[in-house]
Structures are given as structure tokens and as C-alpha cells.
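See structure below.
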Amino acid sequence: MTLIKAVAFDIDGTLTFRDRSLELAAVESIRQLTVPVVLATGNILCFATALAVTIGNISAVIAENGGIVTDGKSKIVSGNIDACRRAAREIEGSGVLALKRINSGERVTEIAYSRDTLSVSDIDLFRKLVAQCCNDVTVVDSGFALHIKDAHVNKGVGLAKVAELFDIPLDKFAAFGDGENDVTMLEMAGTGIAVGNADPKAQAAATYVAKQPYGLGVVEGLRYLQLL
């Protein structure tokens, strides 16, 4: 087993259930860790930092799918928001899909839409429309929202920036996730762990797939890593 020197956790669907309530067993396990802990989310920075305070024992936050990285002292913002806005105007202006933006005033590196009212075919069409209108952006599905983001920014890139801030090699990181937007982070970390409810793409990218879903999968993964 590789000696793990830092751990990154996705939030929604990994530390939380589908209703976004926290699995308290996962929270308690995180509080026991003696290595630096990172929260990595597609959500906005203020949400992630507030949750970091609630959970405790968090050393850094990756927000907006890698677009923002902070350790409380340094803040790194990446990505071409103008390209994302152009794509959003194109898609919204087409009138083909009924879309609802999420946190439009708070997001600084990407545009996000609720997927609650969208069918599978709507999501496929959304991806195609974005791909046709702009080369510099891509769509990632967190399972909770659809994100138009800079094609060169992702959670893996964010994790690499955290690794630089901490001066810890990426291969000494473990990362936990459940969604399509966690794939790059799972691949770039030395050890990637997918919880039992994870998307097939996340499972394929992981070193270890937990039998337990959601936060109990986190606890199982931490035991696999011999961190508990």
C-alpha cells in the first residue's frame, strides 16, 4: 500500500446522500485523519468553505470543478469564464431547452445548470449544442448539475495545484469521488477510490471501488488505505 500523505474528497454523492445530507460516519472519520484533507466540489467556493468549517480538519478547498483552489492563505482562480458565458448565451438563446442556472451570481469560472428537470435526451442535446458552439469549453455532469467549464480546467488540475501548495507529490494523494466530474481527480491521484454508488466512469478511473455507497463507502475506503 502506497503511503498516503493527503486525501481529497468530493462532496455531493460521496460525503452526502442524494438529498445532500451528510453521512455523519464519514464526517467523524475525516476528523480522525492526521494527513491534510481537501474538499473538491463542483459547487461554489462559499458553499465549500462553509462545509469545510462544519466538517472540520479541512486544509484546502477545490471549488467549481477545479476553477478555484484555496488553502486559506492562497487563492488560485483558473479558467476562461468569458468562453463559458458565450456558450451559455448560445444555448440559452437557442430556446431548445428549458434551462435554470444555479448560483449564477457567485460562480466565477464556469456556468452551471440544474439537471432536475432535464431528461437523458435533454442532457445529450445540451452536450451536443455546447460542443457545436465553442471549442474552448466542455460540459461535465456532476450528477447534481450540468457545468459549462473551461476545457483545460478540472478537479485533477485543481488537485495538482493543491499538491504544489502542500509540496506533496500527487502520487501520495488519495482521492474519493462518485461522479463524472471526479474522473480526472481519481486518475491523477496516486490512489483513486470510488464509492459504491459511483458513476461507471468514476468506477473505471478508480484504483478501488467500495462496496458501500456514499459516506459509508468513504469509511470503507479510508480503512482500505489504512488511515483509520
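The values are calculated or read from the model by the stated rules, or taken from the named source; none is laboratory data. Predicted model only: the values in this text are computed from it and were never measured. Every residue, glycine as well, gets a Cβ built from its backbone with ideal geometry; the counts of neighbours run over all protein chains shown. Surface accessibility is based on the protein's heavy atoms, side chains included, excluding ligands, DNA and RNA. Shrake-Rupley method; radii C 1.70, N 1.55, O 1.52, S 1.80 Å.
Using a Gaussian network model of the chain with C-alpha springs under 10 Å, which one of PRO213, PRO36, PRO200 is most mobile by mean-square fluctuation?
PRO200
Suppose a student asked you for the relative contact order of region 24-66, using Cα pairs under 8 Å spaced at least 6 residues apart; what percent would you report?
On the way: 56 pairs, mean separation 20.1, N = 43.
In percent, rounded to a whole number, it is 47.
Could you do me a favour and compute the accessible area per residue for the chain, 1.4 Å probe, result in Å²?
On the way: 9960 Å² over 228 residues.
Heavy-atom accessible area per residue stands at 44 Å².
Taking all protein chains as present, what is the carbon and sulfur share of the accessible area of the chain, in % to the nearest whole number, probe 1.4 Å? Don't skip to the answer; put the middle values down first.
Details: 4840 of 9960 Å².
Roughly 49 percent of what the probe reaches on the chain is carbon or sulfur.
Mean shadow of region 32-144, computed from the convex hull of its alpha carbons, in nm²? Display every interim value, and only then the final one.
Values: hull surface 32.2 nm².
Quarter of the Cα hull surface area: 8.1 nm².
About the Cα centre of the chain, what is the dipole size in debye to 20, counting +1 per Lys and Arg Cβ and -1 per Asp and Glu Cβ, all else neutral? Walk me through the numbers on the way to the answer.
Numbers: 22 positive and 27 negative charges, 42 e Å.
Around 200 debye, computed over the chain.
Step through the table entries LYS5/LYS155; LYS161/LYS211; LYS75/LYS211, compare each Cα-Cα distance with 28 Å, and write down the pairs that go over it. Spell out each step's value before the answer.
Working: LYS5/LYS155 18 Å; LYS161/LYS211 30 Å; LYS75/LYS211 36 Å.
In this structure, LYS161/LYS211; LYS75/LYS211 lie more than 28 Å apart at Cα.
With the radius of gyration and the Kirkwood radius both derived from the Cα set of region 1-75, what is their ratio Rg to Rh? Show your work: numbers first, answer last.
On the way: Rg = 11.9 Å, Rh = 12.6 Å.
Result for region 1-75 is an Rg/Rh of 0.95.
In degrees, nearest 10, range 0 to 90: what is the angle between the Cα axis of helix 214-224 and the longest Cα principal axis of the chain?
The two axes meet at around 40 degrees.
Can you give the FRET efficiency for ASN103 and LYS73, using 1/(1 + (r/R0)^6), R0 = 41 Å, r = Cβ-Cβ distance, to the nearest 0.05? Show your work: numbers first, answer last.
Details: r = 25 Å, r/R0 = 0.60.
Computed FRET efficiency for ASN103 and LYS73 comes out at 0.95.
Give the lysines reachable from LYS100 as a straight Cα distance under 22 Å; neighbours fewer than 8 places away on the same chain don't count.
In chain and number order, the partners are LYS128, LYS149.
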